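Notes follow once the structure below has been shown.
The values are calculated or read from the model by the stated rules, or taken from the named source; none is laboratory data. Small disclaimer: the values here were computed from a predicted structure and weren't measured. For neighbour counting, all protein chains shown are included, and Cβ atoms are generated from backbone atoms with ideal geometry for every residue, glycine included.
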Amino acid sequence: MNNAPRATLRTAAAGGLLALLSIAGHCAEPQAHPHWSYSGQTGPNKWSEIDSKFTSCSQGKVQSPIDIHTADAKHAALSELKFDYQASPLKVIDNGHTIQVNYAPGSFLTVDGKRYELLQFHFHKPSEERIDGKRYALVAHLVHKNAEGELAVVGVLMEPGAKRPMIKTIFDNLPLQKEKEVEVPGVSINIATLLPENHAHYTFSGSLTTPPCSEGVKWFVMKTPVPVSSQQIAQFGHVYKMNARPVQASNGRVVEIND
Ligand SMILES: [Zn+2]
């Protein structure tokens, strides 16, 4: 009679320990994928404290995004962008920070004699980069990598206007589950249809705008915004109301303009 409750107690204690271990296991998980966000205790001002690999977020000197002061931009003769984009089957992932479209191999950006392959593109609301203080409704970041592992990101600013069919195709197929890539059967997209006709752009050195905020990223922000409908902006807003890092100090960086 006396032993029974004790046994039960022991079982309960063991159960409690298991529960604790599983919580610890759960806590250990963020070591591999440290949790960060766009507000509060895990927001941009705290990123560098979340993981030792994130120190660039506060210590870096060429961080992105920046506010582009057009009056200070230097005219550049080079850095013409050559886009060689092919269609890709639509593969979408909600990675917990943005909606990302993973792109099939074989699409390239060539600039300054270097060839970068398009890996993925994703969205921020509102635009992370500012032009003379102005933020746009959305921005798409087209992330490319060359054979040396160097990154080049093309920013396409978006403002309210006509509906963009390519954006509709993506936003109508948003995954219901986070962190799981969904391939939409029979649907392909071509990122070329998102680019503005005019390839004038601003270029500067910067970083990833998300942890680990790694530097050495070449930025190309298209000067001409493209229209997307207010409904499409709202559609993205239902999933991510605000996923933009605040602008970072330019620290005397030169922004070149190519138009
Ligand atoms: Zn981005």
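So which of Gly149, Gly155 ends up being away from the ligand (no atom under 16 Å from the Cβ) and of a type in the set (Gly, Ala, Ser)?
Being away from the ligand (no atom under 16 Å from the Cβ) and of a type in the set (Gly, Ala, Ser) holds for just one of Gly149, Gly155, which is Gly149.
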Quiz item: List, please: which pairs have Cβ atoms under 6 Å, are six or more places apart or on different chains, and start with a residue in the range 123-141 that is closer than 10 Å to Ile68 by Cβ and end with one that is within 11 Å of the ligand (Cβ to nearest atom) and in a strand (DSSP E or B)?
Solution: Glu129/Gly155
Quiz item: (1) loosely packed, with under 14 Cβ neighbours inside 10 Å; (2) touching a Pro at 6+ places or on another chain (Cβ under 9 Å); (3) under 17 Å from Val143 (Cα atoms): which one isn't true of Ile93, the others all being true?
Solution: (1)
Self-check item: Residues satisfying the stated conditions in the range 121-136, i.e. in contact with a His (Cβ under 9 Å, 6 or more places away or on another chain) and within 16 Å of the ligand (Cβ to nearest atom)
Solution: Phe121, His122, Phe123, His124, Glu128
Self-check item: Hits in the range 121-147 (condition: assigned to a loop (DSSP other than H, G, I, E, B) and of a type in the set (Gly, Ala, Ser))
Solution: Ser127, Gly133, Ala137, Ala147
Exercise. Say whether the condition of being of a type in the set (Ser, Thr, Tyr), in a strand (DSSP E or B) and either within 16 Å of the ligand (Cβ to nearest atom) or modelled with pLDDT under 95 (or both) is met by at least one residue in the range 108-120.
Key: yes
Quiz item: If Ser127 passes every condition in (1) closer than 29 Å to Leu174 by Cα; (2) of a type in the set (Gly, Ala, Ser); (3) surrounded by fewer than 19 Cβ atoms within 10 Å (Cβ to Cβ) but one, which one does it miss?
Solution: (3)
Exercise. Return a yes/no flag: does the range 181-201 have any residue that is of a type in the set (D, E, K, R) and in a loop (DSSP other than H, G, I, E, B).
Key: yes
Practice problem: Sort through Ser64, Ser58, Ser37 and tell me the only one that's within 21 Å of Glu179 (Cα to Cα), at pLDDT 50 or above and hydroxyl-bearing (Ser, Thr, Tyr). | Solution: Ser37
Practice problem: Return a yes/no flag: does the range 55-75 have any residue that is surrounded by 14 or more Cβ atoms within 10 Å (Cβ to Cβ) and in a strand (DSSP E or B). | Solution: yes
Quiz item: What is the one condition in (1) out of contact with any helix residue (DSSP H, G or I) (no Cβ under 9 Å at 6 or more places or on another chain); (2) not in a loop (DSSP other than H, G, I, E, B) that Ala162 does not satisfy?
Solution: (2)
